[in-house]
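The values are calculated or read from the model by the stated rules, or taken from the named source; none is laboratory data. As the structure is a computational prediction, the values presented were derived from the model and not from experiment. Every residue, glycine as well, gets a Cβ built from its backbone with ideal geometry; the counts of neighbours run over all protein chains shown.
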Amino acid sequence: MKPSVFNVRVPFEARGDVFLMNTLTDGQLLVSSDVAALLDRYAGAPDSESPSETQDDVSEEERDAVELLREHGFLVESREADRRALDDYMAAARGDASRLNVTVLTTLQCNFACGYCYQGDRDDYNRFADKMTLETAARVADWIADRLDVVRPEQLVLTFFGGEPLLNLPVMYDLAERMWQAALARGVTLHITIITNGLLLTPEVVDRLVPYGLYSVKVTLDGDRDVHNRMRPLRGGQGTFDRIIQNVRQIAGRVKVGIGGNFDETSVDSYPALLDFLMEQPFVDSIVKVNFKPILRTGPAMPKGVLPLLPVDASGKPLNGTCLTSVGAGGGTACDTCAFLDDKMSLLRHETKRRGLPTPDGIHGGPCQVHHKHAYTIGPDGSLYGCPGFTGERAQSVGHIDGRTDSWRERNRDRFERLQPWDQCGDCAFIPVCAGGCLVASHTQLGDMNAPTCHKASFESALISLAQEVAGVSGG
Ligand code: SF4
Ligand code: SF4
C-alpha cells in the first residue's frame with residue numbers, strides 16, 4: 001500500500017496530534033503524530049508491499065491504525081489505483097444526474113454603475129444590452145423541460161442572474177411558473193435562486209415567486225455603508241446601501257438570504273464593520289451564506305493581496321455583458337465554487353466565522369460547474385455557455401436552446417468537454433477540490449483554458465483554518 005497522493009495534513013505540534021484530510025474521499029481524521037508517521041513509513045514501501053506485512057513486531061494498535069487509514073482512503077493499493085480513483089471521481093462529478101443546474105440571464109442590462117464594471121448604467125450601454133423576450137423565455141422553458149425528461153434529476157436548481165435580473169420581471173415570473181409546472185409534473189424538486197444587486201427587491205417580487213419554489217436571494221454588499229456606496233453607486237453617484245438593506249429587511253423571513261461582496265485593496269478593511277452591521281440586523285438569522293471575494297481588476301498593476309484576474313479576453317478586449325461580480329476566481333455569486341482565497345480572503349473568512357455567520361470553508365467546492373455535464377448557463381438570446389463566467393463572450397457559446405448546429409459552437413462544446421487542466425497539476429493533493437482552477441481565469445489570464453490557474457496557497461490556508469476548527473484550536 002501507498003499513502004494517497006490526495007492526503008494533506010496539518011500538525012498541531014504542541015498537542016502531539018495531526019489533522020489528516022484526503023481531498024478525494026473527504027476523509028478527515030484527527031490522529032496522534034504516531035499514526036500520521038505511519039503514512040510516512042508506507043511512503044517508502046514499494047507498491048503493494050505493506051511494512052506491517054514485512055514486520056513481525058507490529059502491534060494490534062498499529063494494525064487498527066492502518067485499517068483506519070485504509071478505510072478513509074489515506075492508504076491506497078498503489079499510485080495507479082489512486083489515479084484511477086481520481087478519474088472515476090471526476091467522471092462521476094461530471095455525469096452527476098441527481099441535479100439539473102440551470103442559470104438564466106434574463107438581461108444584461110443593469111441599474112448600477114459599479115466602478116469595477118465596464119458595463120452597467122453608463123453611457124448608452126443599457127440601450128443595446130441584450131434582454132430576454134417572453135418568446136425566448138417560453139423556448140427556454142421547453143428546453144429545460146426537455147432536459148428534465150432526458151436527465152431525470154431529483155432536483156432542478158434554477159438561478160436567475162444578469163446584468164440585473166429584476167430588470168426583466170415578466171421573464172422571471174413567466175419562467176418560474178413554467179418551470180414550477182414542469183417540475184411538478186415530473187416529481188422534481190425546484191429550487192429557485194435570484195442573484196441581484198438588491199435595489200428592486202421587494203416583498204411583492206418574493207411573494208410572487210415563493211409559491212413557484214423561490215428558495216434564496218443573494219445580494220451583493222461591497223463593504224460597509226460608505227465603502228459600498230462608493231463601490232456600487234447609481235448612475236448619478238447616489239449610494240445604494242440603505243435601500244438594499246431596507247429591502248432585505250422587508251423580504252427576510254419570506255426567503256433565505258445570501259450575502260456576497262467583492263473587495264479590493266481599498267475596500268477590504270471595511271468588511272469587518274459590514275459583518276458587525278449584519279450581526280445587528282433583524283434578518284441575521286435568515287442569512288444562509290456570506291461569501292466575499294476579490295474584485296476583478298482592469299489595470300495592469302495588481303495591488304498586493306488581490307488576485308490578478310482580468311476581465312478581458314485573450315486578445316485583451318473587455319468581456320462584455322455578464323455582471324462582473326460573477327466571473328471566475330474573482331467573482332462574487334453566480335459561481336460560488338471558485339473560492340480561491342488569498343490572505344485577505346482567509347482573513348475575511350475568519351472574521352465571518354468568528355461572528356457565527358455561515359461561510360464556505362474554502363476547500364469543499366470543486367470540481368466547479370464548468371466540469372458538470374448537467375449544469376447549463378443560458379444567455380438572454382438562448383445561447384448556451386459552459387458556466388456563468390463565460391456568458392460575456394458570445395464566441396464561447398457551446399450551443400443554443402433551439403438546437404442550431406453552428407460549427408463554431410460545436411467546436412466550443414467539444415473543447416469544453418475535453419478540458420482537463422488538472423492534467424498539468426502533477427501530484428497536487430488538491431486536484432479533487434480544485435480541478436486546476438477557474439477556466440475563466442485560465443482563459444483571461446493565460447489565453448488557454450486547459451492551463452491551470454493555481455492558488456494553492458489559498459487552499460493551504462483554508463485547510464489550516466478547517467483543521468483548527470476540527471481540532472477546536474483557535475486560529476489567528
Ligand atoms: S470556470 Fe468554474 S470556477 Fe470559473 S467561473 Fe466558471 S464555474 Fe466558476
Ligand atoms: S491549480 Fe494548483 S492547487 Fe489547483 S489542482 Fe492545480 S496545482 Fe493544485
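Tabulated values for the structure
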{"read-out": "Residue check for ALA457: farther than 17 Å from ASP26 by Cα, part of a helix (DSSP H, G or I) and either in contact (Cβ under 8 Å) with a residue 12 or more places away in the chain or more than 18 Å from the chain's Cα centre (by Cα) (or both)", "value": "yes"}
{"read-out": "Number of the condition not met by VAL248 [criteria: (1) assigned to a strand (DSSP E or B); (2) without any contact (Cβ under 8 Å) to a residue 60 or more places away in the chain; (3) of a type in the set (A, V, I, L, M)]", "value": "(1)"}
{"read-out": "Criterion (out of contact with any helix residue (DSSP H, G or I) (no Cβ under 9 Å at 6 or more places or on another chain), without any contact (Cβ under 8 Å) to a residue 40 or more places away in the chain, surrounded by fewer than 23 Cβ atoms within 10 Å (Cβ to Cβ) and farther than 15 Å from LEU200 by Cβ) met by exactly one of GLY236, GLY253, GLY258", "value": "GLY236"}
{"read-out": "Selection within the range 379-403 - buried (at least 24 other Cβ atoms within 10 Å of the Cβ) and either in a strand (DSSP E or B) or aliphatic (A, V, I, L, M) (or both)", "value": "TYR385"}
{"read-out": "Residue pairs meeting the criteria (Cβ under 6 Å; at least 6 apart or on separate chains; first closer than 16 Å to ASN168 by Cβ, in the range 187-201; second basic (Lys, Arg) and in a strand (DSSP E or B))", "value": "ILE195/LYS218"}
{"read-out": "Residues of the range 59-96 satisfying the condition of being farther than 18 Å from VAL18 by Cα and not in a helix (DSSP H, G or I)", "value": "SER59, VAL76, GLU77, SER78, ASP96"}
{"read-out": "Single residue of GLU469, GLU417 found to be within 15 Å of ligand 1 (Cβ to nearest atom) and assigned to a helix (DSSP H, G or I)", "value": "GLU417"}
{"read-out": "Residue selected from the range 428-454 under the condition crowded, with 22+ Cβ neighbours inside 10 Å and more than 26 Å from ARG413 (Cβ to Cβ), by the criterion nearest to ligand 2 (Cβ to nearest atom)", "value": "PHE430"}
{"read-out": "Residue match in the range 315-325 (condition: under 23 Å from LEU86 (Cα atoms), at pLDDT below 85 and surrounded by 23 or more Cβ atoms within 10 Å (Cβ to Cβ))", "value": "no"}
{"read-out": "Filtered residue count, the range 421-445, keeping only those that are over 17 Å from HIS364 (Cβ atoms) and away from ligand 1 (no atom under 13 Å from the Cβ)", "value": "5"}
{"read-out": "Where a residue in the range 355-382 is within 22 Å of ALA92 (Cβ to Cβ) and its partner, wherever it lies, is part of a loop (DSSP other than H, G, I, E, B) and of a type in the set (D, E, K, R), with Cβ under 7 Å and at least six apart", "value": "PRO360/ASP336; HIS372/ASP96; HIS374/ASP96"}
{"read-out": "Complete set of residues in the range 457-472 that are among the acidic types (Asp, Glu) and either assigned by TED's automatic domain parsing to the domain that holds THR23 or farther than 11 Å from HIS350 by Cα (or both)", "value": "GLU460"}
